Amino acid sequence: INTRFIQKASYTTKSLLPNKTIKTLLKEDTQQVSVRGWVRSVRKQKQVSFATVNDGSTLKGIQAILNEKDAQLLTTGACVELQGSLIESPGKEQTKELQVSGIKVLGECDSTYPLQKKRHTNEFLRSIGHLRMRGNTGSAVLRVRNAASEGIRDFFREQEFILTNTPILTSHDCEGGGEVFKITPVDSKEPTEFFKKPVYLTVSGQLHAEIMASAMSRVYTFGPTFRAEESLTSRHLAEFWMLEAEMAFIDDMAPLLDVTEGSVQQTTRYVMDQCSEDLAFFNQWVDKSLLERLQKSVDKPFVRMTYTEAIDVLQKVQDKEKNKFQYPTTWGSSLQSEHERYLASEYCQQPVFVTDYPSELKPFYMRANEDGKTVGCFDLLLPGIGELVGGSMREERYSILEQKMKDAKMNMEDYQWYLDLRKYGSAPHGGYGIGFERLLLWLTGLENVREVIPMPRWVGSCKY
Ligand code: 4AD
């Protein structure tokens, strides 16, 4: 194929829309402007009135100065277009403000509008999920969410990974946890009528990512993931977004941990750079140690310890403080969230990788270590959050994998393709999955994953 004659295509970054965002207007030198957005608040004073209008592109929006007559037209929540001139602001809060010369109300707002200029609780805001992005927290979350997904994509592009898409409908339960939602057409008599076999919403794109990594070497996928978890915790959703990376040609865990650490740190840096105003807002109103914590996490490497070392640490504390933990800290038992919290928040005070868990605690696909007892895997634990990432080296040896699958009583016919990947040019490989909403808790300081996804779904709740 001769590519010499293919012309280099250029693409435009010029805005194609007729109106400019407030973010752009505030950066430019234009004086006569037209601003469209929603009224956040109106303060009517004797001689002059003020209104704040926001289109979601910035935290603060723009302050408009109007006469009393014009101010009568504006109500909180209304969708408006304001014409006027941008002038230097005498106030400390903003650099520019809008001296209004004309107003058009595009959409009036009923007096029952529930968002007022005061602090609302997160529970209340969640109950008005169709309006909560009009408030500071809701809109800041969406900007940080956007920046985090941009940052993460940038990282993988730089590391030469390609973005692939894994299916949402699947006949597998990758994690073997049985927390799958079954799919059936509404009017089918048989649950298996449509696909002729049981089909579920994906719990992880990993097995499919492995197919693509066995041809493309470095891939990642970023999409919604579903788990029928009954857990009513601040860390669990029934639908969450997961970033899953899979890479061939790594011989041990060290480069896997390096890539994981790099992706989390680089995304954090990107968000700190792009959303400084939003992070300052979260730092002021949600978590006073947010900025310091994020800075520390990008300045220092994450701690690395094995599961065996972690158990040792936990047992020593348990010996000293008898009632420290509710659950046992014996080798072979799962780390409970109280243990994870202790390790990350108290012992390390920094993100920590815990590696090489006992094989019995982990799914079939993880690579068996030489000791015959543990697998090459890791969890990344964050202070105040707990598990953010789960990952492992994948078992690439045919006979060992086949035995593990038999031990796990899996249907070998269904997974023959997975074994085939080990028959046809098997490559040493590994990968991991980042829970995107948990990453957003880390980046915002918010406490509940329901606050950082636009329309949260959890057991007992699927509004909108
Ligand atoms: O540890 P998990 O179950 O790992 C996997 O699914 C692997 N197959 C990923 C891979 O290697 N490609 O899930 C990965 C992460 C967790 O660490 C957690 O952050 C998040 O996904 N997660 C959830 N987030 C919100 N709600 C839930 N119900 C979650 N379950 C897992």
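Remarks
- With every protein chain in place, the chain: carbon and sulfur % of accessible area (1.4 Å): 51
- Couplings 3J(HN,Hα) of the range 59-73, computed from phi: 5, 8, x, 10, 8, 10, 10, 9, 7, 4, 5, 5, 4, 4, 6 Hz, in residue order, whole Hz [Karplus 6.51 cos²θ - 1.76 cosθ + 1.60, θ = phi - 60°; x for Gly and Pro].
- Each helix, a run of at least 4 DSSP H residues, gives -39500 (n - 2.57); summed and divided by the residues of the chain, these come to -9000 deg cm²/dmol at 222 nm.
- The alpha-carbon of LYS44 sits under 12 angstrom from the alpha-carbons of these aspartates and glutamates, leaving out residues fewer than 8 places away in its chain: GLU68, ASP70.
- Ranked by solvent-accessible area (1.4 Å probe, protein heavy atoms only, all chains present), the residues VAL375, VAL42 order from largest to smallest as VAL42, VAL375.
- Each Cα pair under 8 Å and six or more residues apart adds its sequence gap; the mean of these over the residue count of the range 327-399 is a relative contact order of 30 percent.
- In this simple spin-label model, placing a label point 7 Å from the Cα along the Cα-to-Cβ direction at both LYS316 and LYS373 gives a separation of 1.9 nm.
- For the chain, the per residue solvent-accessible surface stands at 53 Å², with DNA, RNA and ligands left out and a 1.4 Å probe.
- Taking a ≥ b ≥ c as the square roots of the eigenvalues of the Cα gyration tensor, the range 22-113 is classed as prolate, since a/c reaches at least 1.5 and a/b is larger than b/c.
- Charged-residue dipole, Cβ positions (Lys, Arg, Asp, Glu), the range 22-113 about Cα centre, Debye nearest 20: 200
- Relative contact order for the range 131-285, counting Cα pairs under 8 Å that sit 6 or more residues apart, in percent: 27
- Backbone geometry of the range 48-58 corresponds, through the Karplus equation with coefficients 6.51, -1.76 and 1.60 at θ = phi - 60°, to 3J(HN,Hα) couplings of 9, 10, 10, 9, 9, 10, 9, 10, x, 7, 9 Hz, x marking Gly and Pro.
- Taking every alpha-carbon pair under 8 Å whose residues sit at least 6 apart, the range 306-464 reaches a relative contact order of 16 percent.
- Label-point separation in nm, MET133 to THR233, each point 7 Å along Cα→Cβ: 2.9
The values are calculated or read from the model by the stated rules, or taken from the named source; none is laboratory data. A quick note: this is a predicted structure, and the numbers were derived from the prediction, not measured. Counting neighbours? That spans all protein chains shown, and the Cβs are built from the backbone with ideal geometry, glycine included. Ligands, DNA and RNA are excluded from the accessible area calculation, which covers all protein heavy atoms including side chains. Shrake-Rupley method; radii C 1.70, N 1.55, O 1.52, S 1.80 Å.
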